[in-house]
Each structure stands twice: as C-alpha cells, then as structure tokens.
Amino acid sequence: MKIAFLGLGNMGSPIARNLLRAGNDVTVWNRTLAKAEDLRAQGAKVAKSPSEAAKEVDAVITMLADDHAVESAVLQPGGIMGSLPKGAAHISMSTISVALSKKLAEEHAGRGQKYITAPVFGRPEAAEAAKLFVAAAGDKETIERYNPLLEAIGQRVFVVGDKPEMANVVKLSGNFLIASVIESLGEAVALTRKYGVDPHQYVEFLTNSLFAAPVYKTYGGLIADEKYQPAGFKIRLGLKDMKLALAAAEAVDAPLPFASTIRDHMLTVIARGMEDADWSATAKLAAENAGLK
C-alpha cells in the first residue's frame, strides 16, 4: 500500500520501519525533519508537510504526541484533511482525547474519507520488534481493508468496537492501568526496601509467582534498577494521558479516584525537575516519600 506516516518519535520511527519492511510505499513526515533522514536511508520518501505527505495515498497514519499535534497535522492549514483522497483512510494511532476522536470522525466523513483508530500498547523495544498489541475501532470494512498494516506492526490486533472513539477509551483506560501498576509497585518496593529486602530479589519473586505479567516484569526491572533515563515514555506524556482518562470518565460520570492521585504524583515528579524521566519515575517519588535515597 501507499502510506503516509506522520510522527517519528520513540514509537513512530520503529513502526514506520516495520511498514517499510513489510513492502509498503511509505512517505514520512515529522515536525523536526532531521528525524526523517534515517527512514529516507531505508527507502522512505520524506515530505515537507502533512498535506504533501497525504497526497495520492491509500492511508495516512498519525502517531503524534497529543491533541494539539494531531489537530495541527490534520485540521489546520497544511494538514492532511485537504489533500487526503476520497475513500482513503486516516488511521490514528495517537493517544488522544475522546472528544477529538469524535471530531475527526465527523470531519473525515464530511469529506468522503475514512477514519479508524488503532492505538498501540507496548514500549519502543516492542515497536521495533513488531510485537505491539493494537486496539482498533471503526467501520468494520475499513478495518479489514487496512488490517495488513496493523498486523505488520504488532503481534495481535484486537477490534474493540465500531466507533473510533471506543479504541481511544481502551487506550486511555489501559494506560491508567499501567500507571496504577507503576504506582502500586513503586510503593510496594519502597515498603520492602525499608525492611531491608533487596528490590531485585523482590521483583524476581513477584514476576515469577503471582505477578508474572509483562507490565510487572518491565516496570519492576526499571524500578529495581532505578533506571528512569532514557525515557521510553516520558512522564509528561503520562500526565497528559491521566488528564485525558479523567476527562473521558467525567464525560460519562465514571469516577476514577486513583487516576487523580496518580496525576498529582506525576505533577510532583515533574515539579521536582524530572519532566524528561520515564513515567515509572513515580516510583522514585514513592521511595523519597518513604525516606529512601
């Protein structure tokens, strides 16, 4: 397929590479164009604007940081909306608000364009290995048409609903769950450290008994090693996702009290000068609150 891929951050770059490896004709765009040069060397074309990238393609995939970045690349002058062909699709992999996803669906439908969402779960190393989990939502026929693209980047595709915003809610709720694991694991490690238990032994016990899940293994290792740099997922992005989860919850009167606590802890970490740290750095805050260095 002929694809435009917008957004070459920690996740976007390896996803774009895997689409190239799968034999697709890929044009890339990134706000900082220098980040596109590595993809050019691997066979991608490089566009100077989202509008240029979206011309004469079968699909545009966006993997951008937040609502503002997506709105700028899609809806603003120079965005994809005016150049994406009728019948072609915008596949949004970005973690965005439910409200924006609904707006994009309406705007694309009004222009005869398709719109589906396909946010992913997994860190950059999983993206590089094409081992992401994809949550897709939208028109069934459109998802089926573009399913080969989704399968090229992940180990499994889950269709979670027929309305695009349903996958956005799944993504936000999933990130809330991950952040909850990080928070509780950080507090548990701090508690056991206060009693002299080695954090690596503790995490080994957890992840080889009742908590043998990837999320505990990945973040347990980071917390035990106190390895919060370089960030696989920056805490400021995690804070953004907690705010979006809370907004989605408020819209349907579904309280998320623990999300409010996690949001405040992330704000505290950022206020202490760790805004470039991985979002697992909330465990560092738990350790400091326990009087540990």
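Values computed for the structure shown
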| read-out | value |
| --- | --- |
| Measure of compaction for the range 109-207 (Cα Rg per 2.2 N^0.38 Å) | 1.47 |
| Fluctuation leader among N147, N208, N30 - the chain, Gaussian network, Cα springs under 10 angstrom | N208 |
| Whole-angstrom gap from the range 191-245 to the range 276-293, using each part's C-alpha centre | 10 Å |
| Difference of contour (0.36 nm per residue) and Cα-Cα distance, L191 to L33 | 52.3 nm |
| Under the span-like rule (Cα at least 20 Å along the axis, Kyte-Doolittle mean at least -1.0), DSSP H helices of the chain | 164-194, 235-251, 257-271 |
| Cα-Cα P(r), the range 169-289, percent of pairs per 5 Å interval | 2, 12, 22, 23, 18, 14, 6, 2, 0 |
| Tensor-based shape of the range 2-162 (alpha-carbon gyration tensor, a/c under 1.5 rounded, otherwise prolate or oblate) | rounded |
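Throughout, read-outs are computed from the coordinates displayed, never taken from laboratory work. These numbers were taken from a predicted model, which means no experiment stands behind them.
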